[in-house]
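Read through the structure below, which is laid out as structure tokens, and then see the notes.
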Amino acid sequence: MIYDRKKFFDIYRTRFGKLTQGQVDGLEFLLSKLEQSERIDTNSKRGYVLATIAWETAYTYQPITEYGSEIYLKSKKYYPYIGRGYVQLTWADNYRKFGKALGIDLLAHPEYANEPETAWKILEMGMTDNHGVQDPDFTKYTLEDFFNAEKSDFTNARKIINPADYKSYQPIAVRALQFYEALENSKEM
């Protein structure tokens with residue numbers, strides 16, 4: 001599925017407001033990845049992914065490192081494997097699993113998780129069902145648990161990334177529905 005960028009960004013600006021060039025660049029990259037993805041294959045899944053990325057990257061739409069002072073970050077149990085990427089990958093075990101799946105040493109180079117291509121691959125693997133391919137997930141949940149022919153559960157899909165972050169369920173769900181509508185209304189025929 002291909003999206004008309006002008007329509008998409010017009011809808012975005014109407015619903016969410018102005019965009020910086022960095023946000024536009026990030027969304028352009030993400031839209032192209034979503035158009036190519038065989039795993040994230042419906043607008044409901046794509047809308048949820050965009051909303052998750054918005055939330056996890058503080059609306060930059062760029063891979064980021066967890067915010068906080070050096071003292072704060074070093075106080076984390078999972079330091080130096082602090083949150084990075086589009087979905088804030090944390091903990092040494094996750095860096096090891098995703099690095100192994102990608103064939104890169106994320107334990108030695110955790111900063112690689114902030115490279116857009118790598119961050120995208122981590123997100124795509126971690127949020128989707130393996131489809132017969134052995135790759136890691138973030139939790140026991142994937143997009144397929146919440147989005148199929150019978151349902152689009154934008155609220156409970158937060159369990160894919162952070163099941164215990166109950167305060168984020170509703171705000172992400174609202175944004176996901178808005179992204180879903182933007183994608184639906186910007187499809188090229």
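The values are calculated or read from the model by the stated rules, or taken from the named source; none is laboratory data. Values in this document were obtained by computation on a predicted structure and should not be read as measured data. FYI the Cβ positions are ideal-geometry reconstructions off the backbone, even for glycines, and counts take in every protein chain you see. Note: accessible area is taken over every heavy atom of the protein model, side chains too, but ligands, DNA and RNA are not part of it. Shrake-Rupley method; radii C 1.70, N 1.55, O 1.52, S 1.80 Å.
Points worth noting:
- Loop-located GluC sites (Glu not before Pro) in the stretch 16-56, at most 16 other Cβ atoms within 10 Å (DSSP): Glu38
- Each residue, Arg5 and Lys167, gets one label point 7 Å from its Cα in the Cβ direction; the gap between the two is 3.7 nm.
- Relative compactness, the stretch 1-145, computed as alpha-carbon Rg over 2.2 N^0.38 Å: 1.07
- Net length available on complete extension from Glu117 to Asp25 is 31.7 nm, with 0.36 nm assigned per residue and the Cα-Cα distance removed.
- Think of a 1.4 Å ball rolled over the protein heavy atoms: the chain then has 50 Å² of accessible area per residue.
- Within the same chain, lysines fewer than 8 places from Lys140 are excluded, and of the rest, those with a Cα less than 29 Å from its Cα are Lys33, Lys45, Lys74, Lys76, Lys77, Lys97, Lys100, Lys121, Lys151, Lys159, Lys167.
- The GluC sites (Glu not before Pro) of the stretch 97-189 that DSSP puts in a loop, and whose beta carbon has at most 13 other beta carbons within 10 Å, are Glu150, Glu188.
- Share of carbon and sulfur in the accessible heavy-atom surface of the chain [1.4 Å probe, %]: 52 percent
- Cut-off 11 Å between beta-carbons: net charge of the residues surrounding Tyr169, Lys and Arg +1, Asp and Glu -1: +1
- Cross-link partners of Lys187 among aspartates and glutamates (Cα-Cα below 16 Å; sequence separation of 8 or more within a chain): Asp4, Asp10, Glu28, Glu35, Asp41
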